[in-house]
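The structure appears below as structure tokens.
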Amino acid sequence: MKQTLSAALVLTLLLTSAAPALAANKEHQQLMADLRILQEQAQLLQNTLEAINESMKAMDGRVTQRVDQLSTVLIKAFADQKLSLDNLSNDVRVIREKLDDNNVRVGSLTQEVSALRQSLQQLSARPTTAAADPDAAAGGTPAPPAPAVPPAASLNSPQKAWDTAMADYFAAQYDLAVLGFNAYITSFPKSEQADDAQVYICKSYLNDHKDDKAAEACDLAIRTYPGGNALADAYYLKGLALKNLRQLDRAREAFEAVVKNYPDKDAARLAQQALAQLGRP
């Protein structure tokens, strides 16, 4: 009986001491399970962050490419706009030059009308003088002729002389224009428009189909005014005159001189077209 009680007591003591150990082991297993879950969650979070970084890099590349494309488009647009503004400025300059030329023509025509009116007044005064002097009308001393319209060189100022010669030029009175421009050069040789007057003599001869005289007049302008602002036109007009005279080699030399020495002048563009028409030598 005593032995049975002792065995039972020992068994009870063993069970009592094993219970805390079992409880501790379960708690350890739970902690390990929680730790594995945390590790898996941390790994998942790391993978997510890596994916986000890759997406950000790809997005950054696309944004950079798009910005570069937009920059290229904007640069091209600005360049096109600048080109359009430059073309518009050139058009405005051409229009201004044409307006200035028209103003000169209007002034010249005004001078021409005034000269014609004066001439008509003088012509209308001639029969009146004859009627007032019957002896002269009957064969006596003839009445003095009415004074002629003053030539360009006898006018009061270089501008009036110039306008009168230009009026004859625009009226296609090329012989009178040549006389007027020659008189202008003789009377005002130091004028800034003296070289232009010589070139207009060349133009007058050219328009009057006197190509040999036109070539000579242009040569005179080139020799006399080597620093004049109308030198490019002189070479170009000389080329036209020589072309009309069928002296094609000399005409080509004149056109090439314009293109080479005065590339920014309008005459250079016209000379280039003339060279294209002449073809290769």
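None of the figures in this text is laboratory data; all of them are computed from the coordinates on show. This one's a predicted model, so the numbers in the text were calculated from it and none came from an experiment. Cβ placement follows ideal geometry from the backbone for every residue including glycine, while neighbour counts extend to all protein chains displayed.
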Pseudo-spin-label distance Asp266 to Ser71, built 7 Å along Cα→Cβ, given in nm, is 4.4
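Taking square-rooted eigenvalues a ≥ b ≥ c of the alpha carbon gyration tensor, is the stretch 173-281 rounded, prolate or oblate, where a/c under 1.5 means rounded and, failing that, a/b exceeding b/c means prolate?
On the way: a/c = 2.48, a/b = 1.50, b/c = 1.65.
Oblate, since a/c reaches 1.5 and b/c is not below a/b.
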Once both label points are put 7 Å beyond Cα along the C-beta direction, the Leu35-Met56 separation in nm becomes 3.2
Simple spin-label estimate for Leu248 and Val63 in nanometres, 7 Å along Cα-Cβ
6.9
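Just to confirm the filter: which GluC sites (Glu not before Pro) across the stretch 173-281 are DSSP coil and have at most 14 other Cβ within 10 angstrom of their Cβ? Kindly include the intermediate steps, with their values, before the conclusion.
Details: sites: Glu192, Glu216, Glu253, Glu256; in loops: Glu192.
When the GluC sites (Glu not before Pro) of the stretch 173-281 are filtered for loop state and at most 14 Cβ neighbours within 10 Å, Glu192 remain.
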Computed over the stretch 155-278: relative contact order in percent, which uses C-alpha pairs under 8 Å that are six or more apart:
16
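Past 25 Å, Cα to Cα, is the threshold; run Lys238/Lys260; Lys243/Lys265; Lys82/Lys265; Lys203/Lys265; Lys160/Lys265; Lys213/Lys243 against it and keep the listed order. Show your work: numbers first, answer last.
Details: Lys238/Lys260 16 Å; Lys243/Lys265 21 Å; Lys82/Lys265 22 Å; Lys203/Lys265 17 Å; Lys160/Lys265 28 Å; Lys213/Lys243 13 Å.
Where the Cα-Cα span goes over 25 Å, the pairs concerned are Lys160/Lys265.
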Taking a straight Cα-to-Cα line shorter than 18 Å from Lys76, and setting aside same-chain aspartates and glutamates fewer than 8 residues away, one finds Asp68, Asp86
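Suppose R0 equals 51 Å; then what is the FRET efficiency for Asp80 and Glu256 from their Cβ-Cβ distance, rounded to the nearest 0.05? The partial results should precede the final answer.
Details: r = 34 Å, r/R0 = 0.67.
Efficiency for this residue pair is about 0.90.
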